[in-house]
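Data first, discussion second: the structure below is written as structure tokens.
The values are calculated or read from the model by the stated rules, or taken from the named source; none is laboratory data. Small disclaimer: the values here were computed from a predicted structure and weren't measured. Here the Cβ is made from the backbone with ideal geometry for all residues, glycine too, and neighbour counts use every protein chain on show.
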Amino acid sequence: MSRIGDAPKRHEDQRFVTGAGAYLDDMAFDGLSHAAFVRSPHAHARISEIDTTAAKAMPGVLAVLTAGDAAADGLKPLVPFVTANTVTDEPLAWDAQPLLAEHTVRFVGEPIAMVIAETKTQALDAAEAVAASYETLPAVTDGRAALLASAVEISTDIPGNLCMDWRHGDQAALERAEAAGASTVSISLMNHRIVTNPMEPRGGVGVFDAGTGRYTLHVSSQNIHINRDHIATALGVGREAVRWLAPDVGGGFGAKNFAYVEQALLLWAARRAGRPVKWIASRSEVFLADHQARDHWAEASLAVMPDGRFAALTIDSVANLGAYMAGSAGGVQTNQYAHLPGTLYVIPNVGLRVQSVVTNTAPIGVTRGPGFGEMNNIIERVIDAAAAKLGMDAMDLRRKNLIAPSAMPAANPLGGTVDSGDFPKAFEAALKAADYGGLPARKSATAAPLLRGFGIANHIKATGGVPDENVEILFRADGGVDLITGTQTIGQGHETTFPQLVAERLGVPSDVVTMRHGDTDAIINGGGHGSSRATYMAGTAIWRASEEIEAKGKIVAADMLEAAATDITFSEGQFTVAGTDRSIGILDVAKAALEAGTPLDTFHAFTREAMTYPCGAHAAEVTVDQDTGVVRLVNYTAVDDYGVLVNPMVASGQVHGAIAQGVGQALLEHAVYDEDGQLLAGSFMDYAMPRADDLPSFTLDFSPTPCTTNPLGVKGCGEAGAIAGYPAVTLAILDALKPLGVEGWDGPATPETIWQAIQAARSA
């Protein structure tokens, strides 16, 4: 039996490592046909003509569909989840994304036609035969450039390309702080765009039952219920007419969080073709058409009093949303962005301005730590800059301003409240584990042309995501327990950790618990997976459902033990008559209840009232070759507070993966568009992902403080590394290059980028 705090091996890994996983591409369907999409080669253009004649005549082609066909069948464009400022409810400027572009294309890779054929090869060949002509238009790819009066206006529904101009907090605080004697330090920085790149590409198999009029989509997704609802709207049918099924999902990291036009088109195509239609994205399509992430410019100013206390922080930022506002991306710069300032460090006055804009680039979605990663990077970078300018020790400056555990719960000036955490403890533990005291000696021992540097980033994030979650616990006649959840597993280990929760609360062996998920017909609703929500949201729902099961079980046990229900206690899976040794196990009670027609089966819908706030400190140590610009990450240390750890091994795995993504952004990854809107990094040939030799062995530790807003005491653990890794590594590089006068660069710290920054500093 595995309980909370145990670290059994992941149950699901047995099938994953033996090739028994059931991924989308493994599934077989009778009468299967295949889809291919014709995508725009231009970032911004008017469509003059789409000639499908030749394509329709090619072998195996069943149909070639365009926007006119979709309109004739009553299909509707795809709308985002979030269409208003999540803090103020002020409407955002936006327009829906057409399923197939008809008049204008707005980014390279936007689909204009869909081919259905007997085989994948035939579909791809026919897609190449579709002849489209365009009148190219000026493109804009940079968020700040999109706000210029001279910029091309992408949509008449979005005047000046501006979706939102939001001012929040105290905009005049900085001036008052300066008048009171504070020194102000300002920096500009770009959190550059990345491609999320899950191992398994997006895809789906659409099926239509003509007899029932029902659509079924087999899909690689991390959010099946909400996306099902939005795709149903695009199809013009009710949610009950659409079923989504997700088999094993090979990662998502946010890229599979929102609905995509291809998902609606596959279901429509299945209805038109009268047979299942399959499409799985090529890696090139992943680069062109998946929701990308980050792309956030900011100018931050921090006011510091003579004694080192922070007085005020103002941030003016521009968020590039891409060609269309996807999913809840419009809320990243509102609800998520505003949670952090003043929740980790004491910053009594905060002023934010965020301008969200559309450009001729792939839509921005989310990836690990959306909004939070951007803000955390800003805060840690400006603190180091302030320390350097004011002649203060960067570690002492952090110490002086970290919120003390005695101040919990702590509220920030923007209305966010953190329930728990010991930030100074985690910070000092990270410095000790990273041997910060030995850094001067290591720097002295580092021989030219190498330079050594150290960086640290304290991090915090609000986790919880979609505020509602459902679970159902069912007891089978064979003694097994079915756990059905509305969360979506995408490789995190839920099939191991969720049974541990059931075992802890109900006292049943964890190996009798079977987890079921990924089916919108199995449970009425669910929030999927995003924002490290699963253990908190589904775990709390499991706990609450178990409480109801206990109450039902006491009534049945009382009858079986010939006692009053008020005299029955429950502990470690046993119902006991108080003050006696008479007891009966819960599985026996469940069997009796099932036979009596009054099963203990329980459905529970949970709505959270608060987020959880995982936090901690990550430290990086690097060497930089000043002759070549090559950066080596030589040490990485993480001390994290995830509250109560259900399974420390699983939590460690999440940290490892997130660190790799944070380091990848810091050193390697960059989605680059040229001035015409062409994506220059369109495959793994020219987009660098972190590999084993880019990463050292990590030093991990946990410094838990139980969360007070859920009965488990848990906090989300999936995103910290991606949030803290980027600034920690960047600050380490800046520390190494400090003797050369390098103050920053744009994009990842590639050898070319760093070499150029060194040369610029030497020639200044």
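The table that follows gives values for the structure above.
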{"read-out": "Out of V630, V646, V634, V577, sole residue that is buried (at least 20 other Cβ atoms within 10 Å of the Cβ), modelled with pLDDT of 95 or more and either more than 41 Å from the chain's Cα centre (by Cα) or of a type outside the set (D, E) (or both)", "value": "V646"}
{"read-out": "Filter result for A447 (free of Cβ contacts under 8 Å to residues at least 12 places away in the same chain, surrounded by fewer than 20 Cβ atoms within 10 Å (Cβ to Cβ) and outside any loop (DSSP other than H, G, I, E, B))", "value": "no"}
{"read-out": "Members of the stretch 390-419 found to be surrounded by 13 or more Cβ atoms within 10 Å (Cβ to Cβ), charged (D, E, K, R) and closer than 20 Å to A457 by Cα, listed by number", "value": "R398, R399, K400"}
{"read-out": "Residue in the stretch 117-127 that is free of Cβ contacts under 8 Å to residues at least 12 places away in the same chain and farther than 30 Å from V354 by Cβ present", "value": "yes"}
{"read-out": "Test: residue in the stretch 712-735 that is surrounded by fewer than 22 Cβ atoms within 10 Å (Cβ to Cβ), at pLDDT 95 or above and either in the same structural domain as V105 (by TED's automatic domain parsing) or in a loop (DSSP other than H, G, I, E, B) (or both)", "value": "yes"}
{"read-out": "The listed residue being of a type in the set (A, V, I, L, M, F, W, C), over 24 Å from the mean Cα position of the chain (by Cα) and more than 25 Å from A93 (Cβ to Cβ), out of A232, A246, A182, A151", "value": "A182"}
{"read-out": "Identity of the residue in the stretch 429-441, in contact (Cβ under 8 Å) with a residue 24 or more places away in the chain and in a helix (DSSP H, G or I), that ends up farthest from D627 (Cα to Cα)", "value": "A429"}
{"read-out": "Residues satisfying the stated conditions in the stretch 610-626, i.e. under 21 Å from the mean Cα position of the chain (by Cα) and not in a strand (DSSP E or B)", "value": "A610, M611, Y613, P614"}
{"read-out": "Where V140 falls short, out of the listed (1) more than 25 Å from the chain's Cα centre (by Cα); (2) within 29 Å of A101 (Cβ to Cβ); (3) part of a helix (DSSP H, G or I)", "value": "(3)"}
{"read-out": "Flag for T709 being outside the structural domain of T361 (by TED's automatic domain parsing), touching a Ser or Thr at 6+ places or on another chain (Cβ under 6 Å), polar (S, T, N, Q) and in contact (Cβ under 8 Å) with a residue 24 or more places away in the chain", "value": "no"}
{"read-out": "Options V87, V82, V38: the member that is part of a loop (DSSP other than H, G, I, E, B), under 30 Å from C163 (Cβ atoms), out of contact with any His (no Cβ under 9 Å at 6 or more places or on another chain) and among the aliphatic types (A, V, I, L, M)", "value": "V82"}
{"read-out": "Residue match in the stretch 470-483 (condition: under 23 Å from P341 (Cα atoms) and in contact with a His (Cβ under 9 Å, 6 or more places away or on another chain))", "value": "no"}
{"read-out": "Residue check, A298 of a type in the set (G, A, S) and not assigned by TED's automatic domain parsing to the domain that holds A145", "value": "no"}
{"read-out": "Meets criteria (surrounded by fewer than 16 Cβ atoms within 10 Å (Cβ to Cβ), farther than 30 Å from A303 by Cβ and charged (D, E, K, R)) for E128", "value": "yes"}
{"read-out": "Hey, V346 in contact with a strand residue (DSSP E or B) (Cβ under 6 Å, 6 or more places away or on another chain) and either surrounded by 19 or more Cβ atoms within 10 Å (Cβ to Cβ) or in contact (Cβ under 8 Å) with a residue 12 or more places away in the chain (or both) or not", "value": "no"}
{"read-out": "So V354, is it in contact with a Pro (Cβ under 6 Å, 6 or more places away or on another chain), more than 30 Å from Q492 (Cα to Cα), in contact (Cβ under 8 Å) with a residue 24 or more places away in the chain and outside the structural domain of G744 (by TED's automatic domain parsing)", "value": "no"}
{"read-out": "Residues of the stretch 303-338 classified as aromatic (F, W, Y) and assigned to a strand (DSSP E or B), total", "value": "1"}
{"read-out": "Checklist (1) closer than 29 Å to I154 by Cα; (2) of a type outside the set (K, R); (3) out of contact with any Cys (no Cβ under 8 Å at 6 or more places or on another chain) applied to M325, failing item", "value": "(3)"}
{"read-out": "For A362: the one exception among (1) touching a strand residue (DSSP E or B) at 6+ places or on another chain (Cβ under 8 Å); (2) farther than 30 Å from A151 by Cβ", "value": "(2)"}
{"read-out": "Residue list for the stretch 371-382, restricted to those being farther than 13 Å from Y726 by Cα and in contact with a strand residue (DSSP E or B) (Cβ under 7 Å, 6 or more places away or on another chain)", "value": "V382"}
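This table checks each residue for (1) aliphatic (A, V, I, L, M); (2) modelled with pLDDT of 95 or more; (3) crowded, with 18+ Cβ neighbours inside 10 Å.
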{"site": "H529", "(1), (2), (3)": "no, no, yes"}
{"site": "E548", "(1), (2), (3)": "no, yes, no"}
{"site": "K554", "(1), (2), (3)": "no, yes, yes"}
{"site": "A620", "(1), (2), (3)": "yes, yes, yes"}
{"site": "V624", "(1), (2), (3)": "yes, yes, yes"}
